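A.B. asks: Before anything else, here's the structure in question.
FYI, it's all coordinate maths here, none of it is from the lab. Since we're looking at a predicted model, the values are computed, not measured. So basically every Cβ, Gly included, is an ideal-geometry build from the backbone, and we count neighbours across all protein chains shown.
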Amino acid sequence: MPRNPLLFSMMERMDLVEKVGTGILRMKDAMKEYGLKEPIIEADENWFSITFERDVQKYSQTDTPVNKPVNLNQFQGQIFNCLKENPYITYDELSEKLKKGRNTIRLNIKKLKALNLVERIGSDKKGHWLVKLPS
C-alpha cells in the first residue's frame, strides 16, 4: 500500500515504478550484489528515511590506469557484452534481454561510462554505443 497514493500514481504514469511493494527488497538485493552495506531504514507513522553508506571509491577514466584490471560485476559484464555484440541495442531491448528494469540498466551503463568502457555516440534514438576494450 503506498503511503502517498497521489505521488505513487504520478510515478506509475511516468514509468518510474516497476512493481508495487518490492522496492525495498530489490534495493537490498542490488546492494548485496554490488557488495555494499545494507541501508539503514527508519520509519514511523508519518516519515521514513533510508541511509546509504557511501563507498569512498570514485570511478573516472583517470582512475583506471592502463595496466590495472577493471572490476565489473557479472551483470555489468553482461551489459558490456550485449553492447559489444550489438552497438545499436536500446535500453528497452537490454531490459527485455537481461530481464532487469530500465533504471537498473541505466545505472549500470553509467558505471561503464564512468570507467570509460562505453560511450554513446549520437542520440538515444539514432545513435549507437562505442565499446572500448580495457587496455
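A.B. asks: If I stretch the segment between L6 and I41 completely, what's the gain in nm (0.36 nm per residue apart, minus their alpha carbon distance), one decimal?
C.D. replies: 10.3 nm
A.B. asks: So for W47, W129, fewest C-beta neighbours within 10 Å to most, what's the order?
C.D. replies: Result, fewest neighbours first: W47, W129.
A.B. asks: If you don't mind, there's one more thing I want to ask. Normalise the Cα radius of gyration of segment 61-131 by 2.2 N^0.38 Å (N = residues in it) and let me know the number.
C.D. replies: 1.08
A.B. asks: For S49 and K111, FRET efficiency with R0 = 30 Å and r from the beta-carbon atoms, rounded to 0.05?
C.D. replies: Approximately 0.70, to the nearest 0.05.
A.B. asks: Could you list M27, M14 in order of exposure, starting from the residue whose Cβ has the fewest other Cβ atoms within 10 Å?
C.D. replies: Least to most surrounded, the residues fall as M14, M27.
A.B. asks: Would you calculate the volume per residue, in Å³, of the smallest convex hull containing every Cα atom of segment 5-51?
C.D. replies: 93 Å³
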